[in-house]
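Here is the structure we will look at, set down as C-alpha cells.
The values are calculated or read from the model by the stated rules, or taken from the named source; none is laboratory data. Just so you know, these numbers come straight off a predicted model, no measurement behind them. Cβ coordinates were reconstructed from backbone atoms using ideal geometry, including for glycine residues, and neighbour counts include every protein chain displayed.
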Amino acid sequence: MMSFAQLRCFVAVAEELHFGRAAHRLQMTQPPLSRQIALLEQELKVVLFDRSRRSVRLTRAGAAFLDEARRLLRGAERAAETARLVCTGRRGRLSMGFTAASAYRNLGQVLLPIQQRLPEVEISLREMVSGVQLDALSNGELDLAMIRPPVRRDDIESRILHREGLVAAIPRGSDLARSGEPLTPADFDGRDLIMYRPPEARYFHDLITRIFHDAGATPHYPHHLAQIHSMLALVNVGLGAALVPETAAEVRYPGVEFRPVRLPDWGRVELAIAWRRDNGNPALAAALDTLRPPLHGVPVAG
C-alpha cells in the first residue's frame, strides 16, 4: 500500500521537477527519494515522471495524480490537527446546564470566556433546575452545570462563581413600594409573599424560610412556584411580593418595582459551576481553565 511518506516525496518532486531540489526540501538524500518514487509507481502500476539527464516532467498520469495526492495530504494534516485540538480541549463538544435565573446575567459571563478562548468547542445548552442538573452530571448527560449550592455528592466538584443579594419585587403602587427606606423582613409580616416551591427550588425555599424565621416574621404564602420569571409575572398582576436575586431586576414588568432589603450577610445567594470529578472530556478541562480566576473576585470553593 502506498504511504503518506511516498505521497510527500511525489508531491515534492512534482513541484520541484528536480530530484536534487526535492531531496533537499525533504531533508533527505536523493537515492532514498528515488526509491520512494519507484515504489509508488510500482504500487500504482503507472509511470509518474518522464526522466532524462536534463529534465524531469510529469506524465499525464502523474499530473492527474498530483491533485489527488495533495488532497490526501491535506486531509491527513487536517485529521492530525483535529486530533491535537480535541486532545487539548480546543475542539470538541461541551454539554452545559443552567438555571433559568442564571440566564439573566451570569450565563453570559460563563459562556463568553469559553467562546472567546475556545471558538471551536461546540456548546450545547440545557435549562434545568439545580437538582436535575446534579443528576445529569452524575449520569453523564451534562459536562458542566450552573447550579445553586450546596453540592453534597462525592462524585461532583464545584466552584462558587457569583454571590449577590436579594431584592424585593413589589407590585407597583403598593405601600411597600412607596417607602423611601430599604425594606426589612419584618415589613412582610402577614403580607402575601410568593414563595419558592420545593423540591425544584429547594435552595431558595430554605433560604427565605430561614430569613423570616430568624426575623420573627410570618408572611402569607398564597402561591409556590419554581421559576423566578413566573414569580415576577404574579407580582406584575398584584398577587403578592417576592424576594428575588438582584440580577432578576433586569427582567422588566410594567407592574413590578424592585426595592432593596436589609438582610444578614448569609442571606446573599450563591451560584456555582459544578462538574463530575472523573469526567475525562478535554473540552471540560479547557473550559474550566477559562473560568479562572472565579468571577467577581469570589474565592474558589471545592
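Restricting to segment 214-242, name every residue that is among the β-branched types (Val, Ile, Thr), crowded, with 19+ Cβ neighbours inside 10 Å and at pLDDT 95 or above.
If the condition is that a residue be among the β-branched types (Val, Ile, Thr), crowded, with 19+ Cβ neighbours inside 10 Å and at pLDDT 95 or above, then Val235 is the only one that fits.
Check whether at least one residue in segment 200-208 is more than 31 Å from the chain's Cα centre (by Cα) and over 30 Å from Leu94 (Cα atoms), and report yes or no.
no
With Glu122, Glu157 as the choices, which residue is within 14 Å of the chain's Cα centre (by Cα) and either free of Cβ contacts under 8 Å to residues at least 40 places away in the same chain or surrounded by 16 or more Cβ atoms within 10 Å (Cβ to Cβ) (or both)?
Unique residue meeting the criteria: Glu122.
What residue, among those in segment 174-190 that are part of a loop (DSSP other than H, G, I, E, B) and under 41 Å from the mean Cα position of the chain (by Cα), is surrounded by the fewest Cβ atoms within 10 Å (Cβ to Cβ)?
Result: Glu181.
Looking at segment 1-54, what helices (runs of 4 or more DSSP H) fall wholly within it and have at least 2 residues that are more than 19 Å from Arg70 (Cβ to Cβ), out of contact with any Gly (no Cβ under 9 Å at 6 or more places or on another chain) and without any contact (Cβ under 8 Å) to a residue 24 or more places away in the chain?
Here the list reads 19-25, 30-44.
Among Ile194, Ile147, which is the only one that is under 23 Å from Arg268 (Cα atoms), crowded, with 22+ Cβ neighbours inside 10 Å and not assigned by TED's automatic domain parsing to the domain that holds Thr99?
Testing whether each residue is under 23 Å from Arg268 (Cα atoms), crowded, with 22+ Cβ neighbours inside 10 Å and not assigned by TED's automatic domain parsing to the domain that holds Thr99 leaves just Ile194.
Suppose we filter Leu73, Leu94, Leu137, Leu118 for residues that are of a type in the set (A, V, I, L, M), modelled with pLDDT under 90 and farther than 24 Å from Phe4 by Cβ; which single one remains?
Selected residue: Leu118, the only one of Leu73, Leu94, Leu137, Leu118 that is of a type in the set (A, V, I, L, M), modelled with pLDDT under 90 and farther than 24 Å from Phe4 by Cβ.
Please enumerate the residues belonging to segment 88-120 that are under 16 Å from Asp289 (Cβ atoms), part of a strand (DSSP E or B) and not small (Gly, Ala, Ser).
Arg91, Leu94, Met96, Glu120
Taking the condition of being surrounded by fewer than 18 Cβ atoms within 10 Å (Cβ to Cβ) and either closer than 18 Å to Asn106 by Cβ or free of Cβ contacts under 8 Å to residues at least 24 places away in the same chain (or both), how many residues in segment 271-287 meet it?
Qualifying residue count for the region: 1.
Restricting to segment 247-276, count the residues that are in contact with a Pro (Cβ under 8 Å, 6 or more places away or on another chain) and in a loop (DSSP other than H, G, I, E, B).
3
Please determine, by comparing only the residues of segment 156-179 that are modelled with pLDDT under 90 and touching a His at 6+ places or on another chain (Cβ under 8 Å), which one is farthest from Gly240 (Cα to Cα).
Filtering first and then ranking leaves Leu161.
Among the candidates Pro245, Pro254, single out the residue that is in contact with a helix residue (DSSP H, G or I) (Cβ under 9 Å, 6 or more places away or on another chain), surrounded by fewer than 20 Cβ atoms within 10 Å (Cβ to Cβ), touching a residue at least 60 places away in the same chain (Cβ under 8 Å) and not assigned by TED's automatic domain parsing to the domain that holds Pro113.
None of the other options fit; the residue is Pro254.
Which members of segment 21-37 meet the condition of being buried (at least 16 other Cβ atoms within 10 Å of the Cβ) and under 19 Å from Val47 (Cβ atoms)?
Ala22, Leu33, Ser34, Gln36, Ile37
Conditions first: (1) closer than 17 Å to Arg202 by Cβ; (2) without any contact (Cβ under 8 Å) to a residue 40 or more places away in the chain. Ser102 passes all but one, so which condition is the exception?
Status for Ser102: all satisfied but (2).
Criterion first (over 30 Å from Ala201 (Cα atoms) and among the hydroxyl-bearing types (Ser, Thr, Tyr)) does Ser55 satisfy it?
yes
Would it be correct to say that Leu142 is at pLDDT below 90 and either surrounded by 14 or more Cβ atoms within 10 Å (Cβ to Cβ) or outside the structural domain of Pro198 (by TED's automatic domain parsing) (or both)?
no
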